[in-house]
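Chemist: Could you have a look at this structure, given as C-alpha cells, before my questions?
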Amino acid sequence: MTPQLISIYALGAMFVVATIWPVNMGVLAFVGAFLVGTLAAGMTAKDIIAGFPGSLFLTLVGITYLFAIAQNNGTIDWLVQLAVKAVRGRIAAIPWIMFGITGALTSVGAVSPAAVAIIAPIALGFAARYNINPLLMGLLVIHGAQGGGFSPISIYGGITNTVVAKAGLPLNELFTFFASLGVNLAVSVILFFLMGGRKLMGARAALAGGPGDEAVPRTHVATAQRGPQAFGDSESEALSEERKLARIIDDPMAEDEPAPTQGGSRVYQALTLVGLVALAVLVLVFNQDIGFVSITIGLILSLMAPNLQKRAIGQVSWPEIMLITGVSTYVFVLEKMGTISFVGTSVAGLASPMIAALLLCFIGAVVSAFASSTAVLGSLIPLAVPFLQAGTGVNPVGFIGAMAVSSTIVDVSPFSTNGAIVLATAKNVDRDVFFRKLMAYGALITVVAPVVVWLLFIVIA
C-alpha cells in the first residue's frame, strides 16, 4: 500500500472515530499527522510542526477574545440596537445586510477570512438577539464573502487570474466573478427560505421610542464564563464563583448577576466601537494581521476595565481552535507527502475530459473544505491544461468558473477558515449541535456544488 493511500485511509478513520465517540477530531488529527508523517512519509516532528497554522490560530484566538470583551461590556448589544433602528425594525433585512457587507468587503480586496472574522460576531449577535437561525446568519455571511471573492480587484480573483494566465488558458474575469456571485446568491436565497426566512419577513423589532411593532423576544447575546475561572486571581475568588454557579444550578431560571458597572460605561462602549472600527481599517486597508491587531486592541480594552473583562480569555473557543488547527496540520502533511497531487494527477489522466473536469471540481471542493482554497486553485488548474488545450470540448472559461465556485463555496465547512470562524464566534448555541449542522451542510454543498457548476458552466455552456 502506498503512503498516499495510507494517509487517505487514516483520514477516513479519524472521521469514524470522531463520529462514534465524543473525541475532539483535532486531537485525532494531531496524532494522525505525527504517526502518518513520521511512519509513512519519513517526515520529522519538526517538519510536521512547521505545518501548524499559526496565522489561523492567532486569528481565531484574537477575534474570539476581542469580541468576548465587546459582548461582555454591552458594545455588541448596542450595535445591534443601532442597526435595527437603521433598517426600521425589519428583521428579515438583517441577514441580507450581512451578506451584502461581506460581499462588498471581499469584492474590493479584503481577504475572505478577515471579512468573515469582522462581520460574523456581529451577525451572530443579531441572530441571538432576534431569534434568527444562527446557522442561517453564519452561512449568509460566508456565502456573501465568497460571492464577492472573485471580482477582478479581489484577492481570489487576482490569484486565480494569474494562475490561468500562466497556464496559457483563455481568461474572462467577469464571468468568473458573476459565476461565483450568482451561485452564492442563489444558494443564500434557498437557505433563507429553508431556515425560517419566511417567518422573519413578517416580524418587526420594537424600536425604542417608536410605534408598538411586534417585538421579537430578546435573548442575551453572550454571558460571561461561569464556574471557577481558568486563570483565577485567588482561592477566595474561585470560591465565590463556585457559590454563584451553585445558585444558578439550584435555580435554573435565575437571571445572571449584572456585570460590574464602570464609570462612563457608554464611553467605554464607544471606545470599544472605535477599537472595532480600527480593527477593520488596519486589516482591510493597511493589510495588517488580524490576529495580532485584534489581540492588541483586546489588551488595550482589558487594561481600561480589567475587572469587567478578566474572564474574556476563558471565553475564547479553545475546543474549536483545537479542532481546526489539528485538521489543518494533518492536511499539511497530506500536501507534503504528495497525496493531493497524486489524486489530482490520476484524475486528470482519465480518458474522458468531461468526467475528468467533473472529478477535478470534486477534488477542489473536498480539499478546499479542509485546506486553502487559493492553494487548491493554484495546484489543480494547471493539471487541466493538457485536455483544455486539446480541443476536447471542455470550455476553458467555464471550467475556470466551475473550479472557482467548487473550491470556495465549500468554505462553509467547519474545517475551513471561514467555517471555523463562524463556529468559534457562535454564541448561545449548543456548540456540538451547531458543529454537526455546519459539517452536514458543508458535506452537502461539497457533493452538490461541483455537479451543479459542472452542468451549468461546462456541459450546458
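The values are calculated or read from the model by the stated rules, or taken from the named source; none is laboratory data. Bear in mind that the values here come from a model prediction, so they are computed numbers and not experimental data. Reconstructed Cβ throughout: ideal geometry from the backbone, glycine too, with neighbour counts over all protein chains shown. Accessible surface is based on the protein model in full, side chains and every heavy atom, while ligands, DNA and RNA are left aside. Shrake-Rupley method; radii C 1.70, N 1.55, O 1.52, S 1.80 Å.
Chemist: Quick check: with the 1.4 Å probe, what order do ASP430, ASP289 take by accessible area, largest first?
Modeler: Per-residue accessible area, sorted high to low, gives ASP430, ASP289.
Chemist: Sticking with this one: For the pairs LYS336/LYS437; LYS85/LYS199; LYS46/LYS427, note any where the Cα-Cα span goes beyond 26 Å.
Modeler: LYS336/LYS437; LYS46/LYS427, as the Cα separations exceed 26 Å there.
Chemist: Roughly how many Å² is the accessible area per residue of the stretch 309-431, as a whole number, for a 1.4 Å probe?
Modeler: 29
Chemist: Mind checking the dipole of the chain: about its Cα centre, +1 per Lys or Arg Cβ, -1 per Asp or Glu Cβ, Debye to the nearest 20?
Modeler: For the chain, the charge dipole is close to 720 debye.
Chemist: Please quote Rg/Rh for the chain to two decimal places, taking the Kirkwood radius as Rh and restricting both calculations to Cα atoms.
Modeler: For the chain, the value is 0.99.
Chemist: So, one more: How large is the Kirkwood hydrodynamic radius of the stretch 261-415, in angstrom, based on all distinct alpha carbon pairs?
Modeler: 19.0
Chemist: Still on this structure, I have one more. Relative contact order for the chain: what is it in percent, counting Cα pairs under 8 Å that are at least 6 residues apart?
Modeler: Across the chain, relative contact order equals 24 percent.
Chemist: From the Cα trace of the stretch 102-161, what convex hull volume per residue do you get, rounded to a whole Å³?
Modeler: 56
Chemist: Computed over the Cα atoms of the stretch 327-382, what is the convex hull's projected area averaged over all directions, in nm²?
Modeler: Quarter of the Cα hull surface area: 3.4 nm².
Chemist: In the chain, once you exclude exposed chymotrypsin sites (Phe, Trp or Tyr not before Pro) (DSSP loop, at most 16 other Cβ within 10 angstrom), what's the longest stretch remaining?
Modeler: Free of exposed loop sites, the longest segment is 1-230.
Chemist: If Lys and Arg each add +1 and Asp and Glu each add -1, what is the summed charge of the other residues whose beta carbon sits under 14 Å from the beta carbon of ILE69?
Modeler: Within the 14 Å Cβ shell, the charges total +2.
Chemist: Pop out the ³J(HN,Hα) list for the stretch 156-163 in order, Karplus 6.51 cos²θ - 1.76 cosθ + 1.60 with θ = phi - 60°, rounded to Hz; leave Gly and Pro as x.
Modeler: Result, rounded to whole Hz: 4, x, x, 5, 4, 5, 5, 4.
Chemist: With a 1.4 Å probe and every protein chain kept in, tell me what percent of the accessible surface of the chain is carbon plus sulfur.
Modeler: Exposed carbon and sulfur together represent 68 percent of the surface.
Chemist: Given all pairs of different Cα atoms, what value in angstroms does the Kirkwood hydrodynamic radius of the stretch 365-459 take?
Modeler: 14.2
Chemist: Between the helical axis of 431-454 and the dominant principal axis of the chain, each derived from Cα atoms, what acute angle in degrees is found, rounded to the nearest 10?
Modeler: Compared with the principal axis, the helix lies near 30 degrees.
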